[in-house]
Amino acid sequence: MTRLITDYTGKPLNECTELELFNGVLNLVNDAEKEKGYNTGKKKLYYISAEFLIGKLLSNNLINLGLYQDVKKQLEDAGRSLADLEEFEYEPSLGNGGLGRLAACFVDSLATLGLPADGVGLAYHCGLFKQNFENNKQSETPDRWLQWGHESWMRSTGKHYTVDFGGFSLTSTMYEIGVTGYGSKCGKLRLFDVDTLDERVIRDQISFDKKQIAKNLTLFLYPDDSDEDGRILRVYQEYFMVANAAQLILEEAQAKGSNLHDLADYAAIQINDTHPTMVIPELIRRLTQKGISFEESIEIVRAVCGYTNHTILAEALETWPRAYLQKAVPQLLPVIEKLQAYVAERYQEPFVQIIDGNDNVHMANIDIHFSHSVNGVAKLHTEILKNTELAPFYQIYPEKFNNKTNGITFRRWGVMCDPALTSLINETIGNDWIRHADDLKKLEDKKDDPDFLQKILAVKQENKQNFTDYLKNYRGIEVDPSSVFDVQSKRLHEYKRQQLNLLWAISVYNDMVEGKFPTRPITVFFGAKAAPAYIIAKDIIHAILTFSKVLDADPDASKWLKVVMLENYNVSLAEKLIPAADISEQISLASKEASGTGNMKFMLNGAVTLGTMDGANVEIADLVGPDNIYTFGQSSDEVIAHYKKADYVSREYYERDPKLRKAVDFLTGDLMMQNGGDPENLGRLSHELLSKDWFMTFPDFEDYCETKARMLADYEDRESWSRKMLMNTANAGFFSSDRTIAQYNEDIWHLTPDTDK
Ligand code: NTF
């Protein structure tokens, strides 16, 4: 039965304002979701995460509920457009990057697979900051997503809990955002907020009074942690998240008949990175309060919890000084101390202790001892955890370690963002791939069909044209749609090596000055936010923006090379950019990128990867074969050996390689200074590279340049390039988050799918 939008607007669609129309469709979606109902079962998963980078919901939910075409037509018949509503919708930015977007893909797949599950997190009033560029530099402003009438997505449940902190207590409210599954019932995101929040504590931009916890607790995702108040605030946030989660979990299990001794028959908890770690001592505390022994509480909690590690970067593994916990959550410290005693009694190895000799509490160590499963997020990453980063733990608990290679939801990253490619695939192999992603493999039958290869090229050109139009109309940026679209979009981090790509671009410019021009114009797109306190990352942004001005100011060079640093890169922009990409830059220093998920999105959308053998790139290379990916650089084993020996000296490379030297010198040269370059930022960046270059940009530079040149030359054989695109899309099926979630369920959670649709 067709649902009429007018039943929700109460007036003809052509008379509605954009807001009325938006709310009408939104309420229609909410009703359809409620009618479908929610996956239920005896055992439920609680996926606890500090981030859920869900992106815009309207079109995604319409697709999942099977209402997309119908609603689109109703709007069109009234002279309105769904595309306008998509632009009108404001993006919730409740995450930073891959970690949060992964959580969002996971809840989509959980719902789709019929698995009873909640995502559990915080209802930040401002998500990740909004990025602005001024004077070639990043500045940050709060992103008040909730101001835009989007409360309607986030419904109050009227449910409240009390959370105790050192010296005071806060009352929470639980909010819910529906998670629509594709052809299935739905799931829920349950986000907690404090009732006393007061946005007026924001002073200017993103700084605020960090001491007023009752007023600021859920104000920002990742509040600035460059000072102690900021770091303690994160402890308050994390505890607030898990204290609410623990109450919800115990309450729901008991309501279903659990006597708590059998909690693992009713609940599974996945701890997404270390932010939710305190759920372990918190649950133990609550179980012992109910009369269960400490030892048994440990066993109960261990049977319930699994932990996912998302990084090997030491600085990203959280440790909190004991004093912070004493101040914020004094009731938890005795439990953590008992857990430490439990560990010390059994294992002497210093590395595996929870509290170290400097009184720092290692959150990941709590997770590993007191979960029954520890997983990495790509094959290589899990191997590095087992053999290097977490080797002493692997010795103790070999049975706990397992790999779950990340995935992405093909509903958002295929169907929704690339309608042209979706139509071509559907008319070729049918639409089962949307739910059974391995079906894409059938496309390989077309790899020698010249007509089909032409069609693939036509789809890509259409997407490039659409993105070109978008940039012109919404951002005032002109690009050439017949140029090669070479894209690197991801958080700004030295290990991801945006600086390597920049040094390559500078070399191309240097070549042009000497009269050597590319075969075809190239547009290099960067999309990246730098953490506000990460100085070198901001210097890299400054260098990219300044270099883009150098090019724009040079009429000869700018015909051949354009660098576009896209402001405020977020999920919605990714959805436009990725389908338009020719080249997917995945150039992290081997061993450092746990998985990457952007690499999978680009692959699905027919971009060809230029990458190091890192993270999930390794698995992409295995799947597509050497003809359909361009790899370069040191191997992870070589990199790990260099770190071990501490024998890398960046200056040696600089002195040896004139092309590299010229590019590095360019950073602080006259042209950069004449185009708005700041000597302080550029000097610092250049000094960092020459004196340290911790992520080994220089050793990979030559191979990167050569490989990229080969790739650009190959691009000119359009038919053969189209075959590479096809092979990437056809082999992307493995990276569906449906596969990832099915594996988690099989190995870790053991939930029974709710098949009663
Ligand atoms: C990120 N980790 C990794 O850097 C990515 O490689 C990976 O794809 C995603 O997690 C998802 O697994 C983090 O953001 C963090 F916080 F762990 F550093």
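The values are calculated or read from the model by the stated rules, or taken from the named source; none is laboratory data. In this text the structure is predicted, and so the values were computed from the model without any measurement. Every residue, glycine as well, gets a Cβ built from its backbone with ideal geometry; the counts of neighbours run over all protein chains shown. With ligands, DNA and RNA removed, areas are computed over all heavy atoms of the protein, side chains included. Shrake-Rupley method; radii C 1.70, N 1.55, O 1.52, S 1.80 Å.
Brief remarks on what is shown
- Pairs where the first residue, in segment 191-204, is more than 16 Å from Tyr239 (Cβ to Cβ) and the second is aromatic (Phe, Trp, Tyr) and at pLDDT below 90, C-beta under 8 Å, 6+ apart: Val201/Phe208; Ile202/Phe208
- Here is the figure for segment 739-750: residues that are open to solvent by 10 Å² or more (accessible area, probe 1.4 Å) and either assigned to a helix (DSSP H, G or I) or at negative phi (or both) total 6.
- A single member of Tyr161, Tyr175 is of a type outside the set (Val, Ile, Thr) and under 26 Å from the mean Cα position of the chain (by Cα), and it is Tyr175.
- When residues in segment 369-415 are screened for being more than 16 Å from the ligand (Cβ to nearest atom), open to solvent by 10 Å² or more (accessible area, probe 1.4 Å) and of a type in the set (S, T, N, Q), 3 of them pass.
Listed here are the residues, each with its yes/no results for (1) under 27 Å from Lys662 (Cα atoms); (2) open to solvent by 10 Å² or more (accessible area, probe 1.4 Å); (3) touching a His at 6+ places or on another chain (Cβ under 8 Å).
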| site | (1), (2), (3) |
| --- | --- |
| Thr697 | yes, no, no |
| Glu702 | yes, yes, no |
| Ala709 | yes, yes, no |
| Ala713 | yes, yes, no |
| Asp717 | no, yes, no |
| Trp721 | no, no, no |
| Leu726 | no, no, no |
| Phe734 | no, yes, no |
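- Only residues that are assigned to a helix (DSSP H, G or I), of a type outside the set (Phe, Trp, Tyr) and either under 13 Å from Phe370 (Cα atoms) or in contact (Cβ under 8 Å) with a residue 40 or more places away in the chain (or both) were counted in segment 289-309, giving 10.
- Looking at Arg651, Arg661, just one residue is surrounded by fewer than 17 Cβ atoms within 10 Å (Cβ to Cβ), touching a Phe, Trp or Tyr at 6+ places or on another chain (Cβ under 8 Å) and in a helix (DSSP H, G or I), and that residue is Arg661.
- When segment 488-534 is filtered for residues that are within 16 Å of the ligand (Cβ to nearest atom), part of a helix (DSSP H, G or I) and among the charged types (D, E, K, R), the ones remaining, listed by number, are Glu494, Lys496.
- Screening segment 134-148 for residues that are assigned to a loop (DSSP other than H, G, I, E, B) and open to solvent by less than 20 Å² (accessible area, probe 1.4 Å) and picking the one that is nearest to the ligand (Cβ to nearest atom) gives Asp143.
- Cβ-Cβ under 6 Å pairs, at least 6 apart or on other chains, segment 590-609 side closer than 12 Å to Ser736 by Cα, far side in a loop (DSSP other than H, G, I, E, B): Thr597/Asn406
- Against the conditions (1) open to solvent by less than 10 Å² (accessible area, probe 1.4 Å); (2) more than 22 Å from Glu575 (Cα to Cα), Val524 satisfies every one except (2).
- Pairs linking a residue in segment 525-540 that is farther than 14 Å from Asn132 by Cβ to a residue that is open to solvent by 50 Å² or more (accessible area, probe 1.4 Å) and not in a loop (DSSP other than H, G, I, E, B), with Cβ atoms under 8 Å and 6 or more positions apart or on different chains, are Ile535/Arg684; Ile536/Arg684; Asp539/Arg684.
- Any chance Leu610 is under 30 Å from Trp433 (Cα atoms) and in contact with a strand residue (DSSP E or B) (Cβ under 8 Å, 6 or more places away or on another chain): yes
- Checking each residue in segment 383-412 for being closer than 19 Å to Ala742 by Cα and either in contact with a Phe, Trp or Tyr (Cβ under 8 Å, 6 or more places away or on another chain) or part of a helix (DSSP H, G or I) (or both) picks out Lys400, Phe401, Lys404, Thr405, Asn406, Gly407, Ile408, Phe410, Arg411, Arg412.
- The one condition in (1) in contact with a helix residue (DSSP H, G or I) (Cβ under 7 Å, 6 or more places away or on another chain); (2) more than 30 Å from Arg718 (Cα to Cα) that Met565 fails to fulfil: (2)
- Index of the failed condition, Ile312 passing every other in (1) open to solvent by less than 10 Å² (accessible area, probe 1.4 Å); (2) within 16 Å of the ligand (Cβ to nearest atom): (1)
- Residue in segment 283-294 that is in contact with a Phe, Trp or Tyr (Cβ under 6 Å, 6 or more places away or on another chain), modelled with pLDDT of 95 or more and of a type in the set (Ser, Thr, Tyr) present: yes
- Long-range neighbours under 7 Å by Cβ, at least six apart or interchain, first residue among the aliphatic types (A, V, I, L, M) within segment 84-101, second more than 16 Å from the ligand (Cβ to nearest atom) and not in a loop (DSSP other than H, G, I, E, B): Leu85/Leu21; Leu85/Phe22; Leu85/Val25; Leu85/Leu58
- Scope segment 664-678; condition part of a helix (DSSP H, G or I) and of a type in the set (S, T, N, Q); matching residues: Gln674
- Filter pass, Thr218 being among the β-branched types (Val, Ile, Thr), within 24 Å of Gly55 (Cα to Cα) and crowded, with 17+ Cβ neighbours inside 10 Å: yes
- Criterion violated by Phe485 - all others in (1) in a helix (DSSP H, G or I); (2) under 19 Å from Arg723 (Cβ atoms); (3) not hydroxyl-bearing (Ser, Thr, Tyr) satisfied: (1)
- When segment 315-366 is filtered for residues that are among the polar types (S, T, N, Q) and either open to solvent by 30 Å² or more (accessible area, probe 1.4 Å) or farther than 20 Å from Lys386 by Cβ (or both), the ones remaining, listed by number, are Thr319, Gln326, Gln331, Gln340, Gln348, Asn358, Asn360.
- Of all residues in segment 603-615 being open to solvent by less than 10 Å² (accessible area, probe 1.4 Å) and more than 13 Å from the ligand (Cβ to nearest atom), the one that is farthest from Lys455 (Cα to Cα): Leu610
Residue-by-condition table, conditions (1) out of contact with any strand residue (DSSP E or B) (no Cβ under 6 Å at 6 or more places or on another chain); (2) at pLDDT below 95; (3) more than 16 Å from Val479 (Cβ to Cβ):
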position: Ala537; (1), (2), (3): yes, no, yes
position: Ile544; (1), (2), (3): no, no, no
position: Val550; (1), (2), (3): yes, no, yes
position: Ala557; (1), (2), (3): yes, no, no
position: Leu561; (1), (2), (3): no, no, no
position: Pro579; (1), (2), (3): yes, no, no
position: Asp582; (1), (2), (3): no, no, no
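- Val508 buried (at least 20 other Cβ atoms within 10 Å of the Cβ), in contact (Cβ under 8 Å) with a residue 40 or more places away in the chain and more than 28 Å from the chain's Cα centre (by Cα): yes
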